[in-house]
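For reference, the structure discussed in these notes is given below.
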Amino acid sequence: MAREFGSVGVVGLGTMGAGIVEVFARSGLSVTAVEISDAALHRGESTMRGSLDRAVAKGKLSAEGRDALLERVTFAVGLDALGDVDLVIEAVPEHLDLKQRIFAELDKVCKPEAILATNTSSLSVTEISVATGRPNQVIGMHFFNPAPIMKLVEVVRTVVTSQDVVTDIEALCERLGKVDVTITDRAGFIANALLFGYLNQAVSMVEAKYATREDIDAAMKLGCGLPMGPLALMDLIGLDTAYEILDTMYRRGGRDRRHAPVPLIKQMVTAGLLGRKSGRGFYTYEKPGSPVVVADELTPSSTAEHGRPTNIAKVGVVGSGTMATGIIEVFAKAGFEVVSVTRGAEKSAKVCERLKTSLNKGVVRGKLTEQDRDAAIGRVTWSASLDHLSDVDLVVEAVVEELSVKKALFASLDEICKPGVVLATTTSSLPVIECAVATERPADVVGLHFFNPAPVMGLVEVVRTIRTSDATVQTAAAVCRALAKHAVVCADRSGFVVNALLFPYLNDAVKMVEASYSTADDIDYAMKLGCGYPMGPFELLDVVGLDVSLAIQRELYLELREPGFAPAPLLEHLVTAGYLGRKVSRGFRDYSKR
Ligand SMILES: NC(=O)c1ccc[n+]([C@@H]2O[C@H](COP(=O)([O-])OP(=O)(O)OC[C@H]3O[C@@H](n4cnc5c(N)ncnc54)[C@H](O)[C@@H]3O)[C@@H](O)[C@H]2O)c1
């Protein structure tokens, strides 16, 4: 029988603590919430009240429910108030010496059978536990932000945590309506070990002015379906907390350079730009603690956001694969005249058939009228000769991902197309500049990286090389808007924004399974329930294809020479074994029996 917890204590009412108090009080437990000073207590209490009032305003909690919940909470200054509780969760700043001091004191104040838990994200639970005389009753309970919403709790057992304590805490998580994964004491546990390298890399993109904060966030939301972009997430976590987590992970986690905090983070912390809690971080907020972003000097002006490009009416699409077909559909539906060029009539017939099938699906689903469908089909002309591109205003190339083929194509386009035409490549991994210098007009060459399936995905990465002109970038971005796609402008580096941030994270997840730290199932859970990702990394790898993922990871590694980007050997072995993912019914999981 698991232990019944009647009362709990929470130490520290900051970003996490205030949410954790709410979680416990919502489940009917009495909570003693303590802070270091009256001012901090007052701040923590108002954060919590603000969150509850928002829940009431949204109809997620009744006013009576809120009042009853608040009645279960006692607010106090100092740890002495925790003498009677059955469990304490510590949520003070991420410093080992501070946490050790608090645990030593809790050990003196709390009754002997009380369990002491830390919400640390990256510090060693073992090192915290040895500050007490009861290390077997010390455990990690790592909640996710915002604690009342995120379902996951990582339960961290050390080598001395007693099994009874683990069982009791697992049962408590269930009572709280949370899903727990129980793991051992390693820097960053599951979710943060996979998350923070990605967050740090996103900050380095801002620091290098590789893309804007808005574009990086939009890219990850629209390209990967994430609930928040990485910079908005840094603001939610708090830059001071994020700095400490990265720093600890760097020191504890094998000195992986990807965890060495990007200098910009430290500068922002020093300047008091801590994120939402201080009202300003990567974004500016209405007031400290508010989730509402307000415009600041970095907000792009909306004047450039309108208008259809007047100089683009007719578009050439070269290629006959999945991407080319989707791109033809997108342009034709948006009212552009399209010239499709493939390598032969047979291929054109197939593309035409696939286009019709896709448009018909739109009609069946009520997204398109029959007239719209027929008009879209009527806008496309089919050809097997590049010569038919002599009068188009824009060419989008979506042929095979081989540099020699693309370069030869761009050289031909240079000869055939009229001056001033925008020449775009959809490459996902090759340098756009290589295509540009295959022509005599590199200023007119740009990357237009559509996502698959192009008619569905709302994002296009507009890749500017060091030779692309501003006018070309502006036209390309305006074309995306006319297609109702969100254009994100970035520099010509391997993986652009989305793949550069996504694939190292997927590769890290593979390394985590390879090191037997956790299982594919638990890691998928952790990312979905802890971070709100629509799919876990292994589900996504199986969908994308392990061979495709390996190829992208290799490109990133070869371009950036970052040791942490080296493809996971397990990924290479699975590809060698032919386990390529869903397309062959076997990847990280076996789909043949499902
Ligand atoms: N921010 C996140 O997204 C997140 C997510 C999961 C876990 N965590 C972890 O939770 C812990 C707290 O992080 P946070 O982001 O809530 O920090 P925070 O800075 O927002 O809050 C810390 C609170 O602790 C209080 N405090 C400091 N010393 C104290 C003491 N001696 N006694 C009582 N209270 C004291 C501070 O006044 C402050 O209110 C850290 O270990 C962090 O790694 C953070």
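The values are calculated or read from the model by the stated rules, or taken from the named source; none is laboratory data. Computed from a predicted structure; not experimentally measured. Here the Cβ positions follow ideal geometry from the backbone for every residue, glycine too, while neighbour counts run over all protein chains shown. Surface accessibility is based on the protein's heavy atoms, side chains included, excluding ligands, DNA and RNA. Shrake-Rupley method; radii C 1.70, N 1.55, O 1.52, S 1.80 Å.
Observations on the model:
- Per residue, the convex hull volume that the Cα atoms of the stretch 388-487 enclose (Å³): 93
- Residue list for the stretch 458-498, given a label point 7 angstrom along the Cα-to-Cβ vector of ALA208 and an amide N cut-off under 17 Å: 462-467, 489-498
- Exposure ranking of ARG101, ARG72 by accessible area [1.4 Å probe, largest first]: ARG101, ARG72
- Three-way shape call for the stretch 517-594 based on the alpha-carbon gyration tensor, with the a/c threshold at 1.5: oblate
- Nearby lysines by direct alpha-carbon distance to LYS178 (threshold 27 angstrom, same-chain neighbours under 8 apart not counted): LYS58, LYS60, LYS99, LYS111, LYS151, LYS221, LYS277, LYS511, LYS528
- Over the C-alpha trace of the chain, radius of gyration and Dmax come out as 27.1, 85 angstrom.
- Karplus (6.51, -1.76, 1.60) ³J(HN,Hα), θ = phi - 60°, over the stretch 322-336, in Hz, Gly and Pro reported as x: 4, 5, 4, 4, x, 5, 4, 4, 4, 5, 5, 5, 7, x, 7
- Over the stretch 136-223, the fraction of Cα-Cα pairs per 10 Å bin, rounded to whole percents and listed from the shortest bin up, is 15, 35, 26, 16, 8, 0.
- Here, P(r) means the percent of Cα pairs in each 5 Å bin from 0 to the largest distance; for the stretch 11-83 it is 3, 19, 28, 27, 15, 6, 2, 0.
- The stretch 232-359: C-alpha gyration tensor shape, a/c 1.5 cut-off, then a/b vs b/c: prolate
- For the stretch 476-573: rounded, prolate or oblate by the Cα gyration tensor [a/c cutoff 1.5]: oblate
- Accessible surface ranking that places the most exposed of GLU440, GLU207, GLU90 first, with a 1.4 angstrom probe: GLU440, GLU207, GLU90
- When you filter the chymotrypsin sites (Phe, Trp or Tyr not before Pro) in the stretch 501-591 for DSSP loop state and at most 14 other Cβ atoms inside 10 Å of their Cβ, you are left with TYR591.
- Secondary structure note: in the chain, about 20% of the DSSP beta bridges are antiparallel.
- Relative contact order for the chain, counting Cα pairs under 8 Å that sit 6 or more residues apart, in percent: 10
- Over the stretch 380-419, volume per residue of the alpha carbon convex hull, in Å³: 81
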